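Everything on this sheet refers to the single structure shown next.
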Amino acid sequence: MSTWKNPILLLSGVGISYLGNWIYLIAINLMILDLTGSAAAVAGLYVLKPIAVLLMNVWSGSVVDRVNERKIMVFVDIIRGALVLCIPFLSSLWGIYSLILLINMIGAFFGPASSVYITKLIPQTKRKRFNSFLSMTNSGAFLIGPGLAGVLIMMVGTELCIVINAITFLVCAFLIFLLPDVGDQSGKVREPMRWKGIVNDWKILRAFAGRAPFFITIYLLFQGAMIMGFALDSQEVTYIKQHLNLSDQNYGLIVSVTAVGSLTGGSVAAIFANKLSTRLYLAGGILLSSIGYVLFYSSFNMLTATAAFIFLGFFMAFANAGYATYFQSTVPVDLMGRFGSVANMIQGLIQILLTTLLGLFAQWFTLQVVSLIFAGVGTVLALLLLFKVFVPTEHNDFSNHHVSL
């Protein structure tokens, strides 16, 4: 159990932060709606994060790979907590927008830094189980957070809920502060941050991509299927309300049950982490998740839609754990921050494009037909991924035991 002390501490900090984020998300939406009375103003909140990604991810990975990851995680959470604490005192929409944009820009450092830190902190033999628990933590926050936010908003109001989110950031920072400083395991001297270094980083990433064609192929197929799913997520409420003619309450119930599926999937993935292969988690998980989208957009009532979402949530937990484990085992730790940042930026651009196209096509054709086409494309990409990881070749990372089987 002592070997799990630090992982449990990290999971606790991240879990509290996840829970606070859900409370904050509900509260800030209501705060903006009460302030402006405009649905468009609320929608504007969801544009701020992609903008922050585009502004920061060109160079944030270069910073992460040059600094102490644990310290930057603590620093980011302290700053985010302090800035979130200021939101209830603002009465201008543009002031709130500006502050949230700044929070998202600072937050762009946390994801790449945490990925690198997890890789250094967690031994390779325990990563798949840890990633399964991490998926469980996210699903648990998704399940509990919105309901808890509703209760808190009724009891104490939106402003105090936002303050609670600020406190969760500070608690997360404190718990990460208690973790050990794993340091730089590569033995290389960290270079200072300069513009020339950022340009050189892009060249290094291009060289890595040239040396790792199998990884890049797996990455593109997996993320291609995932991005199709993300685009489809933008239409789920429209499909449920307009095609299935269900109420807001039924929509909320379906989403909550999906979280139960994800939590169960994460639990099962953690239990079988040492018995099932990483490639089965990765390829099998994303294939069955993609089929889940096909089943959902083929549904014809609440029962079939709910069953499809449970199926989707369950296997998405396996897919996420498998991908995270493969990523951590394949990308050199001294490149991980840079690769993750650039990849997230490119994924964000493609996601915005696909989501926009899906919305436009849904206006010209029926939403169900267009969604099933997108889900079908995601399934084809997942099938290609399954074929790629299970067919033995000279460059197959799994066949050559570069990744724990």
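Assess whether GLN242 counts as being within 25 Å of ALA343 (Cβ to Cβ) and either touching a helix residue (DSSP H, G or I) at 6+ places or on another chain (Cβ under 8 Å) or without any contact (Cβ under 8 Å) to a residue 24 or more places away in the chain (or both). No. Applying the condition of being modelled with pLDDT of 75 or more and not in a helix (DSSP H, G or I) to region 309-364 and asking which residue is surrounded by the most Cβ atoms within 10 Å (Cβ to Cβ) yields VAL331. The criterion of at least 2 residues that are at pLDDT 75 or above is met by the following helices (runs of 4 or more DSSP H) wholly inside region 39-154: 39-56, 69-86, 93-107, 110-121.
Here GLY183 meets the list (1) closer than 29 Å to GLY337 by Cα; (2) part of a helix (DSSP H, G or I); (3) modelled with pLDDT of 60 or more almost entirely, failing just condition (2). Inspect all residues belonging to region 112-124 and state whether any of them is buried (at least 22 other Cβ atoms within 10 Å of the Cβ), within 13 Å of VAL76 (Cβ to Cβ) and among the aromatic types (Phe, Trp, Tyr). Yes, region 112-124 has at least one match.
The values are calculated or read from the model by the stated rules, or taken from the named source; none is laboratory data. Note that the coordinates shown come from a computational prediction; the quantities given were computed from them, not determined experimentally. Please note: Cβ atoms are built from the backbone with ideal geometry, for glycine as well, and neighbour counts cover all protein chains shown.
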